[in-house]
1. Could you pull out the residue among Ile91, Ile116 that is more than 15 Å from ligand 1 (Cβ to nearest atom), out of contact with any His (no Cβ under 8 Å at 6 or more places or on another chain) and among the β-branched types (Val, Ile, Thr)?
2. Just name the residue that is farthest from ligand 1 (Cβ to nearest atom) out of those in the stretch 19-59 that are surrounded by 15 or more Cβ atoms within 10 Å (Cβ to Cβ), part of a helix (DSSP H, G or I) and aliphatic (A, V, I, L, M).
3. Residues of the stretch 91-124 being more than 26 Å from Met145 (Cβ to Cβ) and either without any contact (Cβ under 8 Å) to a residue 24 or more places away in the chain or touching a Lys or Arg at 6+ places or on another chain (Cβ under 8 Å) (or both), which ones?
4. Any idea how many residues of the stretch 7-17 are open to solvent by less than 60 Å² (accessible area, probe 1.4 Å), more than 7 Å from ligand 1 (Cβ to nearest atom) and over 22 Å from Arg143 (Cβ atoms)?
5. Mind counting the residues in the stretch 1-18 that are in a loop (DSSP other than H, G, I, E, B) and under 14 Å from the mean Cα position of the chain (by Cα)?
6. Output the number of the condition that Asp121 fails; it satisfies all remaining conditions of (1) more than 20 Å from Lys48 (Cβ to Cβ); (2) open to solvent by less than 50 Å² (accessible area, probe 1.4 Å).
7. Between a residue in the stretch 36-47 that is without any contact (Cβ under 8 Å) to a residue 40 or more places away in the chain and of a type in the set (Asp, Glu) and any residue that is surrounded by 22 or more Cβ atoms within 10 Å (Cβ to Cβ) and assigned to a helix (DSSP H, G or I), which pairs come within a Cβ distance under 8 Å, given they are 6 or more apart or on different chains?
Amino acid sequence: MNKHVYRIKTQSPEETVAFGRVFASQLRPNDLIALYGDLAAGKTTFTKGVCEYFNSDQPATSPTFTLINEYAGDLPIFHFDCYRIKHPDEIMMLGFEEYLEKDGIVLVEWPELIQIHIPDDSIELHLTYKNEKTREIEIRTPRRMEI
Ligand code: ADP
Ligand code: MG
């Protein structure tokens, strides 16, 4: 699928959180945001900003041991961390597909580990570590966005 591509750089965790808030203001129910990037690239930090925008009852922390975290707010947020998944189908046993139809926002860390189940029209963020404080974020989205 053809996607619009945008690139930004953030110079601190606070800037990445702020970007997450602005980005979230353009999201719609049932959007899936696939967060690609190595450990410490800023995936969870970005998610925190999304949670702030939706007044979620819990700030996003790393869900590494729980796989799915659900935060109630103006829209429900379903935060998946696939880091420990060994087979893509494990996520289906947890009802992954149903989460895409609950009128919430779905955020997935380590989507490459369940790539076969990531819809073609997802919003992709590719986060790259540049130096201690700088991250590059490439956004690939099926619709135009204000970045
Ligand atoms: P991930 O979920 O991708 O593993 P985290 O968001 O948990 O990454 O962690 C990112 C780490 O990098 C945090 O310790 C954060 O303080 C630090 N950091 C430094 N600069 C930035 C930045 N510009 N954006 C996001 N995080 C940053
Ligand atoms: Mg994380």
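1. Testing whether each residue is more than 15 Å from ligand 1 (Cβ to nearest atom), out of contact with any His (no Cβ under 8 Å at 6 or more places or on another chain) and among the β-branched types (Val, Ile, Thr) leaves just Ile116.
2. Looking at residues that are surrounded by 15 or more Cβ atoms within 10 Å (Cβ to Cβ), part of a helix (DSSP H, G or I) and aliphatic (A, V, I, L, M), I get Ala24.
3. Correct list: Met93, Gly95, Glu98.
4. Matching residues across the stretch 7-17 total 1.
5. To start, the set of residues in the stretch 1-18 that are in a loop (DSSP other than H, G, I, E, B) comprises 1-3, 11-12.
Now narrow it down to the ones that are under 14 Å from the mean Cα position of the chain (by Cα): none.
Residues meeting the conditions: 0.
6. It is condition (2) that Asp121 fails.
7. Every condition considered, no pair remains.
Residue-by-condition table, conditions (1) part of a helix (DSSP H, G or I); (2) of a type outside the set (Val, Ile, Thr); (3) buried (at least 16 other Cβ atoms within 10 Å of the Cβ); (4) at pLDDT 95 or above:
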| position | (1), (2), (3), (4) |
| --- | --- |
| Pro63 | no, yes, yes, no |
| Thr66 | no, no, no, no |
| Gly73 | no, yes, yes, yes |
| Ile116 | yes, no, no, yes |
| Ile137 | no, no, yes, yes |
| Arg144 | no, yes, no, yes |
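The values are calculated or read from the model by the stated rules, or taken from the named source; none is laboratory data. None of these values were measured; they are calculated from a predicted model. Positions of Cβ are backbone-derived with ideal geometry, glycine not excepted, and every protein chain shown enters the neighbour counts. SASA here: full protein model, heavy atoms, side chains in, ligands and nucleic acids out. Shrake-Rupley method; radii C 1.70, N 1.55, O 1.52, S 1.80 Å.
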